Amino acid sequence: MAGSRRLRLAVALLGMVAALAACGPLGAGSEPGGPAVLYVGWDADDRLQLYRTAPDGGEARKLTSAPLGVRDYAVSPGGDAIVYSASREDGGSDLWRVAPDGRENALLLACPEMSCDGAVWAPDGQRLVYTRRPVDAESESGPRLYWLAWPGAATQPVFAGDEQMGLLPRFSANGDWLTFVRPGALPSVLAYPLDGGEPVELPGDVVAPVVWHPFDLSFLSSVVLYEGESAYTHLFAVQVETQAIEDVSGVAETEDTGAAWSPDGEWIAFTRKVARAPVGKQVWLMREDGSELHPLTSDPESNFSNLSWSADGELLLVQRFAMAGGGRPEVWLLEVESGALSLVAQPGSAPSWLP
């Protein structure tokens with residue numbers, strides 16, 4: 001980048017939280033023959049739990065009763081299982097499993113003296129990758145990635161030896177590549193071909209997972225551009241095999257984060273805030289090349305995040321937070337064509353679709 005600009009990869013750390021407890025047969029929160037919405041809410045003891053509801057915001061069903069709450073969750077590609085991390089009293093966490101109807105709640109993997117979280121499914125639904133790190137803050141051992149077999153619990157390191165640290169893994173759509181963040185003084189994104197080929201390294205200050213294209217070997221990342229004392233966050237498209245990087249934001253003074261591909265790969269939904277403006281991030285839409293850029297929301301008093309497309313590409317689940325009042329976030333449904341918003345859950349956060 002010319003002049004005093006220098007690239008550094010960066011994205012907002014995505015935090016998702018969930019868990020589960022046996023709850024009996026389907027009832028509230030289900031919609032026979034259609035998708036459901038999963039989200040994280042607060043129980044009577046102010047613990048974070050996983051809830052299920054219908055997209056029209058019907059009665060919610062609590063799927064978890066974790067005594068210390070949950071940290072994150074991941075839905076299998078077929079929507080028939082949920083893996084989540086549940087906190088322990090020593091500050092660590094274990095991995096648990098549950099069926100989407102609230103049954104079969106069981107410990108999947110105990111992690112004594114460790115925190116096991118951040119699980120992601122391989123596209124074939126046969127295994128997961130999760131992050132394992134010591135509870136002891138003074139330990140010199142950093143976070144490392146592990147395989148986890150499904151439906152069993154056989155586990156082993158993704159990389160042999162102790163040299164390769166990693167967190168926030170993500171699979172390419174075809175399952176042939178695994179990206180993750182390598183922590184350190186200057187964290188970087190690494191993309192590994194799982195057939196044993198040469199990895200691709202993209203240096204930068206990365207603190208969140210990349211967002212893979214639904215078909216191609218490319219992904220999106222939010223990149224901080226520095227110019228003098230100013231800093232702007234742009235969306236960059238990265239081609240893995242060629243390592244080509246292209247700025248697709250198209251506007252100089254902006255903060256663009258939270259990208260999500262439409263299911264057909266034709267559109268990118270993301271959140272945008274004009275740099276230094278005292279307003280919340282809004283939902284925007286554009287083509288992969290940055291064309292047809294336009295806003296879907298225009299509520300300066302609200303901050304939007306955690307975007308999730310419906311399978312038909314007509315709706316977006318969004319997390320909405322009122323910037324005034326000190327309340328808790330809510331889950332809303334956003335119609336892509338009209339921009340109409342409808343309430344799904346209040347309070348609620350980290351929404352996703354359950355097929």
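Could you tell me whether region 55-70 includes any residue that is touching a residue at least 24 places away in the same chain (Cβ under 8 Å) and more than 21 Å from PRO351 (Cβ to Cβ)? Checking region 55-70: not a single residue is touching a residue at least 24 places away in the same chain (Cβ under 8 Å) and more than 21 Å from PRO351 (Cβ to Cβ). Quick one: ALA277 ticks every box in (1) assigned to a loop (DSSP other than H, G, I, E, B); (2) under 22 Å from ARG320 (Cβ atoms); (3) in contact (Cβ under 8 Å) with a residue 40 or more places away in the chain except a single one, so which number is it? Condition not satisfied by ALA277: (3).
Of everything listed in (1) out of contact with any Gly (no Cβ under 7 Å at 6 or more places or on another chain); (2) more than 27 Å from LEU315 (Cβ to Cβ), the single unmet condition for PRO183 is (1). Per the conditions (1) at pLDDT 95 or above; (2) surrounded by 15 or more Cβ atoms within 10 Å (Cβ to Cβ), the sole criterion not satisfied by ALA322 is (1).
Within region 252-272, the set of residues being of a type in the set (A, V, I, L, M, F, W, C) and either in contact (Cβ under 8 Å) with a residue 24 or more places away in the chain or surrounded by 19 or more Cβ atoms within 10 Å (Cβ to Cβ) (or both) comprises ALA259, ALA260, TRP261, TRP267, ILE268, ALA269, PHE270.
Note on region 276-290: residues that are surrounded by 15 or more Cβ atoms within 10 Å (Cβ to Cβ) and not polar (S, T, N, Q) amount to 8.
When PRO347 is tested against the conditions (1) touching an Asp or Glu at 6+ places or on another chain (Cβ under 7 Å); (2) under 22 Å from ASP72 (Cβ atoms); (3) crowded, with 19+ Cβ neighbours inside 10 Å, the lone failure is (3). SER188 satisfies every condition listed in (1) crowded, with 21+ Cβ neighbours inside 10 Å; (2) over 19 Å from ARG132 (Cβ atoms); (3) not aliphatic (A, V, I, L, M) except (1). Considering region 291-315, and only residues there that are free of Cβ contacts under 8 Å to residues at least 60 places away in the same chain and not in a loop (DSSP other than H, G, I, E, B), the residue that is surrounded by the most Cβ atoms within 10 Å (Cβ to Cβ) turns out to be PHE304. For region 110-122, filtering for residues that are touching an Asp or Glu at 6+ places or on another chain (Cβ under 7 Å) and within 20 Å of ARG170 (Cα to Cα) leaves 3.
Among the residues making up region 316-341, those that are under 25 Å from ASP46 (Cα atoms), part of a loop (DSSP other than H, G, I, E, B) and among the aliphatic types (A, V, I, L, M) are MET323, ALA324.
The values are calculated or read from the model by the stated rules, or taken from the named source; none is laboratory data. Just so you know, these numbers come straight off a predicted model, no measurement behind them. Every residue, glycine as well, gets a Cβ built from its backbone with ideal geometry; the counts of neighbours run over all protein chains shown.
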